[in-house]
Amino acid sequence: MGAVQKLATTVIVGLVALATLLVVLLANEGNRRDDELDEQEEVAIERAIDTYIANCVACHGPGGEGLTTPGEQGTGRIGLPLGGMTEAGRRAQELNQSQDPTIRKQRYDAIHDVLHYGRGQMPAWGIEGDNRLNDEQIEELILMIQNVDWDEVYNEAIETYGGYPTPQPPPVAAAAATGQRAAAQEDIGSGQAASPSPRPPVTRRPDSRRPRPPPRAPRR
């Protein structure tokens, strides 16, 4: 009986240890899935930054500044601000990256419609044509606009262009398609054009993963 009791005790201890391990694994499953989702989003944002640099810098600037940047006039840009260091850019970023679920969903819908259907001089990137982006690219751009650190976008744009990019002629806006959403939809940015105002020089923080590229001209 002694041997049987020892065996039973060993089995019980083993089962308890196994049950404890299962509990720990199940408790960490949610964290593991969250980590995987974060990693997937990070990769998607990286792809979106590449898409932005290739297609959007001419109108919205390397750091999302849009129409104007501090100390500069006549940039040739026509896009509204999305982020960056200007007053209008900060307002736009605060709105686009709001953590309020209702506002965030509203911004998602507005950004999606402007990207897909276009508005004014904004090309309809989701409609068949020379400027077409696929649905995945549009979703990634929305994810980027609602989450990105615009310093990172700025640094990558400077690195890509080998300096502060000179604006090129913006793409021609696509014609309105049948069923296009009403032009009254909110713009991607703050809905207000940036107005230049004197500002002290601002130093951007470098990207944590890359050496800091040459800085932009001093700001006022």
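Every read-out reported here was derived from the displayed coordinates using simple, explicitly stated rules and does not represent laboratory data. Everything numeric in this text was worked out from a predicted model, so none of it was measured. Don't worry about glycine lacking a Cβ; one is built from the backbone with ideal geometry, like all the others, and counts go over all protein chains shown.
Before moving on, here are some points about what is shown:
- Projecting label points 7 angstrom from Cα along Cα→Cβ for Leu26 and Arg90 puts them 4.9 nm apart.
- What the phi angles of the range 134-140 give under the Karplus curve with 6.51, -1.76 and 1.60, with θ = phi - 60°, is a coupling list of 7, 4, 5, 5, 5, 4, 5 Hz, glycine and proline written as x.
- Net charge dipole size for the range 51-161 [Lys, Arg +1 and Asp, Glu -1 on Cβ; Debye, nearest 20]: 420 debye
- From most to least packed by mean Cβ count within 10 Å, the peptides 54-66, 145-157 give 54-66, 145-157.
- Extension gain from Thr160 to Glu46, taking 0.36 nm per residue of separation minus the Cα-Cα distance: 39.7 nm
- Comparing Ala92, Ala58, Gln146 along the charge dipole axis of the range 51-161, the residue lying farthest to the positive side is Ala92, per the Cβ-charge model.
- Ser98 versus Gln146: modelled label distance in nm, points set 7 Å from Cα along the beta carbon direction: 1.3 nm
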